[in-house]
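See structure below.
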Amino acid sequence: MVKLATIGVYGFDGDSFLERLRQADVRLLFDIRQRRGVRGPDYAWANSLRLQAALTEAGIAYRHHRELAPTTELRHLQYAEDDRQGVGKRSRRELAVEYSRRYTAEILDPVDLDAIVAALPSDGIATLFCVERDPEACHRSLVAQRLAEQHHVTVEHLRPL
């Protein structure tokens, strides 16, 4: 059975992030962020060029799949729901229903995930990477769910220890 993981930025520092990837035997990271940077000095390690350099040093391949990233409009729809509920991006626990519906219809449905499945390593696993700590609060959970349903991929969500 083919395995896939998901992981976010929040809750990790650079070293603990790489260690978590090593523990899970991750060999390929799919970055599915629109903007490949994270604000604040605590997460500078996750900015694209730094992250790619660290992954290369760790022997982990990197691929950016912008086609799986939510549009700016969709992100703002989620931010509006976060504001309505009084939660911040870093403390969000779930995606807005309308965001999930629109992300699925506008982004996920048109994308051919066969290329992702074909790229999955035969040794080790790949991971979908975004920002949020909890997969339930991130679009990566929607991609992972689709891969599980349509391609029979087993999904493990990696979280900070």
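Table for the structure above
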item	result
Tally of residues being of a type in the set (Asp, Glu), modelled with pLDDT of 95 or more and assigned to a loop (DSSP other than H, G, I, E, B) across the range 95-131	1
Odd one out for residue 98 among (1) in contact with an Asp or Glu (Cβ under 9 Å, 6 or more places away or on another chain); (2) in contact (Cβ under 8 Å) with a residue 24 or more places away in the chain; (3) of a type in the set (Asp, Glu)	(2)
Answer residue from the range 53-67, given it is assigned to a helix (DSSP H, G or I) and surrounded by 16 or more Cβ atoms within 10 Å (Cβ to Cβ) and is farthest from the chain's Cα centre (by Cα) among those	54
Residue among 126, 105 that alone is surrounded by 19 or more Cβ atoms within 10 Å (Cβ to Cβ) and either out of contact with any strand residue (DSSP E or B) (no Cβ under 9 Å at 6 or more places or on another chain) or under 16 Å from residue 31 (Cα atoms) (or both)	126
Candidate set: the range 83-95, residues that are touching a residue at least 12 places away in the same chain (Cβ under 8 Å) and farther than 17 Å from residue 146 by Cβ; chosen: the one surrounded by the most Cβ atoms within 10 Å (Cβ to Cβ)	92
When residues of the range 12-52 are limited to those that are in a loop (DSSP other than H, G, I, E, B), of a type outside the set (D, E, K, R) and at pLDDT 95 or above, the one farthest from residue 153 (Cα to Cα)	47
Odd one out for residue 32, checked against (1) out of contact with any His (no Cβ under 6 Å at 6 or more places or on another chain); (2) surrounded by 14 or more Cβ atoms within 10 Å (Cβ to Cβ)	(1)
Complete set of residues in the range 134-161 that are among the β-branched types (Val, Ile, Thr) and surrounded by fewer than 16 Cβ atoms within 10 Å (Cβ to Cβ)	154
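The values are calculated or read from the model by the stated rules, or taken from the named source; none is laboratory data. Keep in mind that what you see is a predicted model, and the values were worked out from it rather than measured. Ideal geometry is used to build each Cβ from the backbone, glycine not excepted, and the neighbour counts take in all protein chains shown.
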